[in-house]
Amino acid sequence: MNEFALRHGRVGRGVLAAAGAAVKFIVLPLLLVLGTAVLLVEAVREEDIVLLGLDALVPTIVVLGTVIAGLSFFIGFYPRGSLSRLAFGLATAVAAGAWVWTVTRGGRLELTLDAVEASVDYSPLVLLLLAAVALGGLYYVVEARTYRAEWLAALPGADGEDGAATG
Amino acid sequence: MHWRTFSVRAAAYAVTLTVVAVVLLSAVPLATGGLSVEVAEGAREVTFEDGTIVVTVPVEVRNGGLFAFRDVQVTMRASAEGALLAEGTSAPRDVPARETTRLDPTFTVDPDEVDHGRLAALVFEGARLDVEVEVKAGYSLGLVSTTVNFIEPMDWEPLVGDLQFDPSAADWQANGTGFDLLLPYSFTASELVQGQAAELRATVGTATAVLGSGSTDLVLQPSNDGVLRISVDPSAAASLLEQPQELVVGLGLDCLGATVHFDRTYQWEGAP
């Protein structure tokens, strides 16, 4: 049985999952970046905002966020307990980890504003975020184990045995 | 949803929301003007203690965030023309949230460890020092650490200045075997080094030979005026008394291990 066959999936659920990921990895981060930029405009000069690299974050967020949304489509598309959902879940977690690492610049920020040089090390926060992403990947492993038998049993003509489904 | 999947997902959301909350509550208030590090205006203090120059440059750290800065340390490095003169670090201290805290880092300039030429410039000429201020602190429950560096220029006033002597105004006095040249001098000393020992040395001679010398030990006062007695060698005294010639008078001042030296030529007209 091919667990990646499109006949196992539902497009509506896939779209919902993709939309959720788009909100989480594109819309909210962009709003956060734009909101921060607006707040900074009042506190510092415009060229300082450029130095912070906020404008350069926008394409990164959009591109990587789109990849995550695309992968998330297949998470929602395939049912719980399927290996296909597990595979896309893990792939999405990896992509989300890359998103976190790239957008947060690895947890180090070096700035030079006029004669002031500043470096900020927030790598512990980034590691916490990566831990959350890893937990997100672990979720699909736990979910696959939890719902595996249930999904196999629901397959038309299946006898509910794992070996038959994966073979 | 099964409890296992629920607990894993809940844990992931909890960690994410915690990080987001920390960022929103800490980084954003600071990034929007809640953090400033400034050298307190006009509060520099320079003292002389145990043979070393101690400089205190107070730094005010304003924390407009919601978390205290932990273990804030200020390191100062003073340099002149690119050469490091001294370095000092303040004791670690917390800066509470919503408060401005003044830190008083000090650095000491030990004259024994400074290049003699540079020390002489500091003591007798003044200089423009570059004081690099480095502030290190932890924030957001230790999840964020930051380092801020900036250069604070500092005008260094000479410790001893306005050294003046005029050989043409020198008097002379017979001393039995020869004579002494009485050289008037004057200089000022800053409050920092008043009470310190200094030595004034002088020589008189021609372009090729030293004919006499003298020195005196001083305790520095705000204004130091006096007459330095230079004993001319008996063998040279006779010829000096008889014939006019061009003489060179050298005056040296030793203070804090640094030496400054000036030479003046003048026309000796012979004994009146």
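The values are calculated or read from the model by the stated rules, or taken from the named source; none is laboratory data. What you are looking at is a predicted structure, and each value in this text was computed from that prediction instead of being measured. All Cβ positions, even for glycine, are placed from backbone atoms using ideal geometry, and neighbour counts span all protein chains on display. These accessible areas exclude ligands, DNA and RNA; they are computed on the full protein's heavy atoms, side chains included. Shrake-Rupley method; radii C 1.70, N 1.55, O 1.52, S 1.80 Å.
Tabulated data
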{"item": "Cα centroid separation - region B:197-266 against region A:84-100, whole Å", "result": "86"}
{"item": "Table column - 3J(HN,Hα) (Hz), region A:84-91, Karplus curve with 6.51, -1.76, 1.60, x for Gly and Pro", "result": "5, 5, 4, 4, 5, x, 5, 5"}
{"item": "Euclidean distance of C-alpha centroids, region B:152-186 and region B:59-110, integer Å", "result": "43"}
{"item": "Accessible surface of B:Thr265 - all protein chains present, 1.4 Å probe, nearest 10 Å²", "result": "90"}
{"item": "B:Trp268 accessible area, assembled protein chains, probe 1.4 Å, Å²", "result": "20"}
{"item": "Low-density loop cleavage sites - trypsin sites (Lys or Arg not before Pro) in region A:3-39, where at most 12 other Cβ are within 10 Å (DSSP)", "result": "A:Arg10"}
{"item": "Largest to smallest accessible area among A:Arg145, B:Arg128 [probe 1.4 Å]", "result": "A:Arg145, B:Arg128"}
{"item": "Distance between modelled label sites at B:Gln221 and B:Gln267, nm, 7 Å Cα→Cβ extension", "result": "3.6"}
{"item": "Vicinal HN-Hα couplings computed from phi for region A:98-110 (Karplus, 6.51 cos²θ - 1.76 cosθ + 1.60; Hz; Gly/Pro x)", "result": "5, 4, 4, 5, 6, 5, 8, 6, x, x, 10, 10, 10"}
{"item": "Whole-Hz couplings from phi, Karplus 6.51/-1.76/1.60, listed for region B:116-125; x for Gly and Pro", "result": "4, x, 6, 5, 4, 5, 5, 6, 9, 10"}
{"item": "11 Å beta-carbon shell around B:Thr16, net charge (K/R +1, D/E -1)", "result": "+2"}
{"item": "16 Å reach of a label modelled at A:Glu110, 7 Å along Cα-to-Cβ, counting backbone N of region B:126-167", "result": "B:146-150"}
{"item": "Those GluC sites (Glu not before Pro) in region B:227-272 that DSSP places in a loop and that have at most 14 other beta carbons within 10 Å", "result": "B:Glu269"}
{"item": "Burial ranking of peptide ranges B:18-27, B:70-79 (average Cβ count within 10 Å, highest at the top)", "result": "B:70-79, B:18-27"}
{"item": "Angle between chain B longest axis and helix B:3-22 axis [Cα atoms, degrees, rounded to 10]", "result": "30"}
{"item": "Charge dipole of the protein assembly as shown about the Cα centre (unit charges at C-beta), most positive-ward option of A:Ala37, A:Ala21, B:Pro234", "result": "A:Ala21"}
